[in-house]
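Input: a single structure, listed below in structure tokens.
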Amino acid sequence: MNILIIKKKHLNNKTIPKNILGIYYFIDSNDKIIYIGKSNNIKKRIEQHLRNGKKRMLSKFDKLKILKLNTEIEALLYESQEIKRHKPLFNRRLRKEKNIYSILQKKNKELYPIYEISKPSNKSLINFMTKRQAQGFIERISKRFNLCDKLNGLENTNKCCFKYHLKICNGACISNEKLSEYEKRFNESLSYIFKFPNNCKITFKDNNFKTEVTILNNQVTNFGIRNKRKHKIEFSSYDELKIIRGYQRKYPEKLLEIKELN
């Protein structure tokens, strides 16, 4: 990875190289990172910041750091990790939570996995504009994978759920179903949400480079450029899966392979 640092007083149209894809950092006089961004054309993006950026951010930064990467998906995942690591002031201020209700994955007291509606966070699986939309999604996913309505917050009762009386629910609501069997179906529902196998290696081809992403137990564990470098995921969340899914939808032609891992 190539790194370039430019002092603010030397920053102009000639000092920023053309056609660089990667990550850029605005850094203040105390060497604190105050903003992190990603771009397929960093020169053009920095020029946009200088013309139309937040005045306070522009007044506080002292130098620009540019990290050259090889593919957009590598840059997207790297940016996500760096923002989690450094928590830049202006990334937090610019972030807008447009979606009010999120679905999280948790475990209940009996260690059964459950879906829960909560406020948006980096652990969010999916975001919705209304609570009813979130509930509707849980209803559909519960029905498709035979998950318990009571465990997923769709039914409020101290006893077994209504579907257990109908012999549809296998009894997870009263701990009658083996945890391992319920977990298997729950993990299948997670794979359905993200459209990837629980354990797999995904390969994208972009700019003549092959970017490999490893997923284990529905979590991205590492990513990188084949035969060049690998990045370990240190700050794990579902953001990485959402980034990959969004990239795949945007550029289906760049998906080279999804290989299931044992």
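Overview of values
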{"item": "Members of the stretch 141-161 that are of a type outside the set (S, T, N, Q) and under 23 Å from the mean Cα position of the chain (by Cα)", "result": "I141"}
{"item": "Checklist (1) touching a Lys or Arg at 6+ places or on another chain (Cβ under 6 Å); (2) among the aliphatic types (A, V, I, L, M); (3) modelled with pLDDT under 95 applied to I5, failing item", "result": "(3)"}
{"item": "Which listed residue, of N12, N99, is touching a strand residue (DSSP E or B) at 6+ places or on another chain (Cβ under 7 Å) and either modelled with pLDDT under 95 or closer than 30 Å to L190 by Cα (or both)", "result": "N99"}
{"item": "Filter result for the condition that a residue is assigned to a strand (DSSP E or B), under 22 Å from E82 (Cβ atoms) and of a type outside the set (F, W, Y), over K205, K242, K210, K230", "result": "K230"}
{"item": "Hits in the stretch 119-147 (condition: more than 19 Å from S191 (Cα to Cα) and surrounded by fewer than 14 Cβ atoms within 10 Å (Cβ to Cβ))", "result": "K119, S121, M129, T130, K131, R132"}
{"item": "Looking only at the stretch 230-241, and only at residues there that are in contact (Cβ under 8 Å) with a residue 24 or more places away in the chain and surrounded by 12 or more Cβ atoms within 10 Å (Cβ to Cβ), the one that is farthest from L104 (Cα to Cα)", "result": "H231"}
{"item": "Residue within the stretch 186-199 that is among the hydrophobic types (A, V, I, L, M, F, W, C), closer than 25 Å to L69 by Cβ and surrounded by 13 or more Cβ atoms within 10 Å (Cβ to Cβ) present", "result": "yes"}
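The values are calculated or read from the model by the stated rules, or taken from the named source; none is laboratory data. Note that the structure is predicted; figures quoted are calculated from it, not measured. Ideal geometry is used to build each Cβ from the backbone, glycine not excepted, and the neighbour counts take in all protein chains shown.
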